[in-house]
Ligand SMILES: NC(=O)c1ccc[n+]([C@@H]2O[C@H](COP(=O)([O-])OP(=O)(O)OC[C@H]3O[C@@H](n4cnc5c(N)ncnc54)[C@H](O)[C@@H]3O)[C@@H](O)[C@H]2O)c1
């Protein structure tokens, strides 16, 4: 895949960084767009000569368009887009979440995804070839106490389906992944002092562990690849069984590792 060229928003950290490294390790070109220029440059450096990083706010269409112009002069035409940019939200009741703050979180995920699809997806559709992977979440399907994040992630599933149909005959596939709790800085944001009691998360995850960013990147890479040529408009949970286990709550949650498996 020597001319495979993938733009990764939010590629300076976590799932985006793991995706950038996986794509470049397979010989693809990578364009990283992130607010964090320094971390983006470090990831690009770790990817080798086929990656470049630009500081860009994925929520600002002018920023993204300007980045596209710069990338066009350094990389082959874009064949893939992965939308990882977005900020975490602190769980809280509606009374403690002012409208402006709620809008900021929605924009951080939904607006960024929309803008990158509009800029890079439209360019791919014009050339008749490409694939997009958006970042949804288990909270797209099972709401929690994050009132901006969950609705934004639910909307990303809907946007993914709409764009998949819209571009189906223009050679651009659009899919999403819905990670469970994944071991990145997102899970332990600075306002929590980079700390978090993971016990409730591990209890809610049948596999009993966090996902690793490299594992999410593998699924993203599959969706970008020719192996997924007939897959479009779908969201793949990568969650260690979290969504499947939600009906187990009234029965005490999913079985713990200590519980023996016995046949009667
Ligand atoms: N980590 C998890 O448990 C988890 C679970 C489900 C979904 N997700 C989703 O996966 C995606 C990546 O998450 P992660 O865990 O890798 O997070 P992360 O915090 O490690 O990385 C996110 C990156 O996005 C960048 N970013 C934020 N806003 C931006 C903007 N407006 N423009 C450009 N860059 C911006 C940040 O600087 C950071 O480098 C997010 O959309 C997140 O909602 C994460």
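Computed from the coordinates by the stated procedures, all read-outs in this text should not be read as laboratory data. Source: prediction; values computed, not measured.
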Semi-axes (Å, rounded, descending) of the ellipsoid equivalent to the range 119-207 per its C-alpha gyration tensor are 32, 13, 12
How far, in nm, would the chain grow between residue 74 and residue 36 when pulled straight, counting 0.36 nm per residue and subtracting the alpha carbon separation?
11.7 nm
In Å and on Cα atoms, what radius of gyration and Dmax does the range 74-123 show?
14.9, 49
Run the numbers for residue 257 and residue 162: contour at 0.36 nm per residue of separation, minus the present Cα-Cα distance, in nm.
30.2 nm
The range 7-164: translational diffusion in µm²/s, Stokes-Einstein, Kirkwood Rh over Cα pairs, 37 °C, 0.692 mPa s:
207 µm²/s
The chain: radius of gyration over Cα atoms, expressed as a fraction of 2.2 N^0.38 Å
1.01
Averaging sequence separations of C-alpha pairs under 8 Å and six or more residues apart, then dividing by the length of the chain, give the relative contact order as a whole percent.
18 percent
